[in-house]
1. So how strong a dipole does the chain carry about its Cα centre when Lys and Arg Cβ are +1 and Asp and Glu Cβ are -1, to the nearest 20 debye?
2. Quick one: net charge of residue 3's neighbours, Cβ under 13 Å, K/R +1, D/E -1?
3. What percent antiparallel are the DSSP beta bridges of the chain, to the nearest 5?
4. Answer rounded, prolate or oblate for segment 12-172, using the Cα gyration tensor with square roots of eigenvalues a ≥ b ≥ c: rounded when a/c is under 1.5, else prolate when a/b is larger than b/c, else oblate.
5. Sequence-distant or interchain residues sharing an amide H contact under 5 Å with residue 65, placed H: which?
6. Which residue fluctuates most in the GNM of the chain (Cα springs below 10 Å): 83, 139, 172?
7. Along the charge dipole of the chain, which of 152, 183, 90 sits closest to the positive end, that is, farthest toward it, with unit charges on the beta carbon of Lys, Arg, Asp and Glu (+1, +1, -1, -1)?
8. At residue 82 and residue 25, where each label point lies 7 Å from the Cα along Cα→Cβ, what is the point-to-point distance in nanometres?
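Values quoted throughout were computed directly from the atomic coordinates according to the rules given, and no laboratory measurement underlies them. Quantities reported herein were computed from a predicted structural model and do not represent experimental measurements. Positions of Cβ are backbone-derived with ideal geometry, glycine not excepted, and every protein chain shown enters the neighbour counts.
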Amino acid sequence: MLPLGTPAPDFALPDVTGKIVSRRDFQNAPALLVVFMCNHCPYVIHLRPALAQFARDYLPRGLAMVGINSNDVERYPADSPANMAAEVKTAGYTFPYLYDADQSVARAYRAACTPDIFLFDGTGKLVYRGQFDDSRPGNGRPVTGRDLRAALDAVLAGRPVSPQQTPSVGCNIKWKPGNEPAY
């Protein structure tokens, strides 16, 4: 796992319109949320409405947020850039959804699954890497975003984020053959 306190790794990736979005575009934000996600994962689908609502709740408060799809689209065509554009509309995402074709950004973040959530404070340091909440497909618990909301509320209030963090659970990132990371 990427250690807490690690500076946000750089990225410059195309969004669903082809526009390049960079980490530097958000350098003055009080917080940056990076969510590794995809279109087909049941765990991401389970969070879809709540993730869209989370963005609507926090983007007006200054949060910078991006979704990044690093899956191998040759083997998982449901995650292709064209399908990502449709997903943005269907889900109502108001944040940039980026495509990491060579999977280098996922490797830099040590992302392992979808969703995999990374929250950086205003100084660009990792303060939270964990689950959205404890809801999972089929477990009957409501999707609230409780864990991530608590972390982001702390950042926005200038308080420390609890070091008690539960890792994300989801589908493994679909690595291209021979590109699987050693971590």
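1. Dipole magnitude for the chain comes out near 280 debye.
2. +3
3. Antiparallel bridges: around 65 percent, rounded to the nearest 5.
4. Oblate, because a/c is 1.5 or more while a/b does not exceed b/c.
5. 33
6. Maximum among the listed residues: 139.
7. 152
8. Calculated label separation equals 2.3 nm.
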